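Data first, discussion second: the structure below is written as structure tokens.
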């Protein structure tokens, strides 16, 4: 992330009385966080007018501007596994006539269970269906999810069905073909409760909660399932999350050997005492970051060997051949940017120079501005 001081801000005069101008630049006591670097910077308070003389005569601590290369990275330990179990709840009334067994593998398009001898089928989608799906209904994302599943399952294709939010005659025909394959009445209408929608695909049945012959009640838990996909999970500190945005691609090294590519799919902030996170010094639960692995075949094979630890590496950020100063030399300005005080040989007082701040690593900050290698910058004391 780059933070820049506006070039329109007034430069201070290089003289003893310039502290009044500098105060227009600097916000005393402002604290600014560079989230992308995970670093917190505190602005120094400028002296008041009656302190100027004493401050001017006080010995200065300085550091040279260096030309160097900076690199940052982050490694976190975790383990392989499946996502936490999801609950499948009943949306309709009736009697449970068929239920799966613990450990069953159910694919998208297959029945999860039956109510009144009618299958409830697993679909993949963004949200549960909340209404009857039929010709004449209003457009919506549930229609799009229905059409996508019917197409992926082979009951329609791009030549006879456009996957969109409109329920058309082509949608009706695709639903009928699907119903025929299930062995149910071909109505062209999808009644509420006949499909269970989850955001991922195939599932393992972790626990069967309902009992055969029991009455299904709307909202009651029927099954607990987990995705068949293998994920790596890590529990970073809260302040490390800015380096782990959803969608980021990471490298995951297995402790049993091998490295896999992964992508962050979700971040869960656990509440203290939930048991879902590793407690810190204050027993605070840490966030959980889930990373879906690209090579599922290799990940699944590794998981069969038992518990597998992983090391997740966040891609390194580099800044080659750049100017750098100690982080403690940076001063926050009223405009939201940063500056450094440069000691000039022809001036009794240091000059405040606006800078753009880049990568920050191990107490060194990449800077750009009207400074050069070898310049002396003031370290506030």
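Just so it is clear, none of the values below were taken in a lab; they were calculated from the coordinates. Quantities reported herein were computed from a predicted structural model and do not represent experimental measurements. As a convention, Cβ positions derive from the backbone with ideal geometry for all residues, glycine included, and neighbour counts pool all protein chains shown.
Summary of computed values
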item	result
Value of D in µm² per second that Stokes-Einstein yields for the stretch 177-258, Kirkwood Rh from Cα pairs, at 10 °C (1.306 mPa s)	89
Overall dimensions of the stretch 69-143 by Cα: Rg and Dmax, Å	19.8, 69
Separation between Cα centres of the stretch 347-381 and the stretch 203-221, rounded to whole Å	65
Length-normalised contact order of the stretch 305-381 in % [C-alpha pairs under 8 Å, at least 6 apart]	31
All-pairs Cα distance distribution in the stretch 86-227, expressed in whole percent, bin size 10 Å	12, 44, 34, 10, 0
Taking the C-alpha atoms of the stretch 140-224, convex hull volume expressed per residue in Å³	125
Kirkwood hydrodynamic radius (C-alpha pairs) into Stokes-Einstein, the stretch 130-190, 20 °C and 1.002 mPa s, D in µm²/s	191
Chain lengthening between residue 101 and residue 67 when straightened (0.36 nm per residue, less Cα-Cα)	5.7 nm
Ranked packing of 328-340, 77-89, most packed first, by mean Cβ within 10 Å	328-340, 77-89
C-alpha center-to-center spacing [the stretch 124-159, the stretch 245-264] in angstrom	33
Rg to Rh, two decimals, where the stretch 318-381 supplies the alpha carbon set and Rh follows Kirkwood	0.95
